[in-house]
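The next block holds one structure in the form of structure tokens; read it before the comments.
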Amino acid sequence: MNTIDEFNIDVRALNVLLAVLDTGSVSAAAVRLGVSQSAVSHTLDRLRQSLGDPLFVKSGRGITPTRYTLQAGPHVRQLVGELRSLSVGPPFSPDEAELTFTVAANDYQRDLLLPPLMASLRETAPGIRLQVMPSGIPNPEMLRKDVCDLVISPHPPAVGDVMQRRLLDDHMTVFYDADQREAPESLADYLQSRHIGILFATGERMALEASLSTQGLSRDVAVTVSNFSGLPAFLKSTDLLATAPYRMKDHLLKGFQRAPLPFELKPFTLLMLWHQRNHEDPAHRWLRQQLIDVAQGLES
């Protein structure tokens with residue numbers, strides 16, 4: 001093993017090590033970093049020589065990290081983050097900043113969290129603008145490639161380079177027009193009623209459908225829409241039921257009556273996701289805290 005005085009390692013080399021560790025592939029790491037595969041391979045060879053370890057070995061058609069790499073990974077990640085923090089520039093001043101942040105969120109998360117966030121920005125950071133885009137089923141490439149700065153989603157990340165923070169919890173409830181019908185009194189009443197279903201543009205259905213299916217149950221879906229925003233128009237002046245997040249009672253489904261689900265369904269958590277390269281950036285940290293504050297205000 002070489003001594004530390006013999007190391008010839010820079011931050012770019014450490015980023016290559018982390019990219020290969022996160023993706024499990026030289027080619028995928030090259031795509032993420034925007035360099036050639038040969039450049040990644042050359043950097044790994046230099047790291048092997050400096051660190052005195054193979055770092056990655058062949059496993060089937062792919063590669064797998066050595067024990068040394070697995071143990072060193074968290075320390076390398078922390079070191080890279082600390083080095084980045086040295087070059088973030090002068091302190092961030094929200095009242096003087098002129099920035100645009102792109103936030104990916106579907107209609108429920110968008111309408112719940114982003115209007116109050118924008119109201120807060122108008123007061124404290126009038127030069128900061130929001131660009132909102134649909135998130136669909138979040139893909140880490142959205143954050144890796146700077147398509148957006150933040151994602152708000154109930155789907156936790158499955159990769160090591162995407163960070164997460166809990167915003168708030170919610171659960172599903174039944175909404176209906178009280179001028180047209182009573183609340184469903186039982187599971188049988190719920191299943192026999194006519195419903196508004198949701199099939200998202202991504203092809204994903206609500207977890208509700210899977211829960212009913214595993215119990216061998218089904219409901220009568222009279223109309224299907226592609227997002228939660230389609231519910232109010234079909235719910236108003238009909239005997240239909242809409243099963244949706246409880247917190248919609250204060251915005252999208254305000255004015256409709258609600259009743260608890262007549263069967264058990266796990267609550268869910270809304271998460272804020274961001275890429276690790278922005279973890280220590282002062283402007284990004286400030287914006288994330290504003291969103292946390294908004295979420296805490298909704299829970300109080």
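The values are calculated or read from the model by the stated rules, or taken from the named source; none is laboratory data. Note that the coordinates shown come from a computational prediction; the quantities given were computed from them, not determined experimentally. Every residue, glycine as well, gets a Cβ built from its backbone with ideal geometry; the counts of neighbours run over all protein chains shown.
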| note | A careful count of residues in segment 221-274 that are in contact with a His (Cβ under 6 Å, 6 or more places away or on another chain) and among the β-branched types (Val, Ile, Thr) gives 1
| task | Kindly indicate whether SER93 is farther than 30 Å from LEU18 by Cα and either of a type in the set (Phe, Trp, Tyr) or at pLDDT below 90 (or both). | result | yes
| request: May I ask you to say which residue of LEU55, LEU70 is crowded, with 16+ Cβ neighbours inside 10 Å and at pLDDT 90 or above? | output: LEU55
| request: Go through the residues of segment 207-227 one by one and say whether even a single one is among the polar types (S, T, N, Q), touching a Leu at 6+ places or on another chain (Cβ under 8 Å) and part of a helix (DSSP H, G or I). | output: yes
| In segment 50-69, the residues that are at negative phi and free of Cβ contacts under 8 Å to residues at least 12 places away in the same chain | VAL57, LYS58, SER59, ARG61, ARG67
| message | Against the conditions (1) over 18 Å from the mean Cα position of the chain (by Cα); (2) not assigned by TED's automatic domain parsing to the domain that holds ASN106, where does ALA283 fall short? Just the number, please. | response | (2)
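Residues checked against (1) among the charged types (D, E, K, R); (2) touching a residue at least 24 places away in the same chain (Cβ under 8 Å); (3) in contact with a Pro (Cβ under 9 Å, 6 or more places away or on another chain):
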| residue | (1), (2), (3) |
| --- | --- |
| ALA201 | no, yes, yes |
| GLY216 | no, no, no |
| PHE228 | no, yes, yes |
| ARG247 | yes, yes, no |
| GLY255 | no, no, yes |
| PRO260 | no, yes, no |
| LEU265 | no, yes, no |
| LEU271 | no, yes, yes |
| said: Just to check your reading of the model, which residue among PHE234, PHE263 is of a type in the set (Phe, Trp, Tyr), over 30 Å from ALA97 (Cβ atoms) and outside any helix (DSSP H, G or I)? | reply: PHE263
